[in-house]
1. Got a sec? Which strands (runs of 3 or more DSSP E) wholly within region 125-232 have at least 2 residues that are farther than 21 Å from T92 by Cβ?
2. Quick one: which residue in D5, D14 is exposed (fewer than 12 other Cβ atoms within 10 Å of the Cβ), closer than 21 Å to C281 by Cβ and acidic (D, E)?
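Here, each number is a calculation from the coordinates, and none is a lab measurement. Please read these numbers as outputs of a predicted model, since none were measured by experiment. Note: ideal-geometry Cβ built from the backbone for every residue, glycine included; neighbour counts use all protein chains shown.
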Amino acid sequence: MYIADRWRDYEVLDTGGGEKLERWADIVLRRPDPQVIWPASAPDMWGLADASYERSASGGGQWFFARALPEKWVLRYGELRFYVRPTGFKHTGLFPEQAVNWDWMAGLIRGRMASGVSPVRVLNLFGYTGGATMACAAAGAAVTHVDAAKGMITWAGDNRQLCALPETSGRWIVEDCVKFAAREARRGRTYDAVLLDPPSYGRGPGGEVWKLEDQLFALADVCGRLLSERPLFMLINSYTTGLQPAVLSNILRLTAGNGRSGEVKAREVGLPVTSGGVLPCGASGRWWAND
């Protein structure tokens, strides 16, 4: 399992009963997690929650606040800085487990640049609020960040400024990711690295339906063709419990690894829990070049 265990500003305090108790800097949040099917290890800690997200029987849910919280606050990870806040659908604008992939990608980028290759061109599809984009850009890459939601692009831009990264560190594009990748392939454009962080289900700005199981391989195949003559890596994240790490391995072997010398590895991704154990948070598949 890839475990994101280098956080200082973030912590999973406890898990149990379909929920997780998390510390985001000095604010404690209680959120649902359907994979937590065991009882809490430290029930006395749950009274620390400053806010709780409760699902509705009719769908969706809402936040309940034990005290007034700031509209947004800053979370630090090494040299990186991110704005987080409770959003309407239980999320906070950051997936902390992905820090283990940020470190991996940043290390590969710095290694390539140390060999005299600059800049490393990275395509981040479904870029959300830019966690991976900031990590890659801070390592020296030129990142093309694509997301269908304008609000997420705006949030990513705020994070860029918070990280003190120049505007020239990336391109910020509001578009359906599938259409963008297909158009880049038709134009013959290439990237040294491609990151896919798709949702399990979603809709594009024009109402396009995205369902991971039905469309992931076709998109990964296009992205494999977007890799440059000297590719660096390709990463696929999955939050769909039905897609095992071996599925991601097979997809990467047939796309990024098709005709290229490299390594493929896929594992579950997790976060350490202070009260004990590890919280599973999906899976990541990695392909990287042998050079």
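1. On the way: elements: 142-147, 170-174, 193-196, 201-203, 209-211.
Because the criterion is at least 2 residues that are farther than 21 Å from T92 by Cβ, the strands (runs of 3 or more DSSP E) in region 125-232 that meet it are 142-147, 170-174, 193-196, 209-211.
2. None of the others qualify; the one that does is D5.
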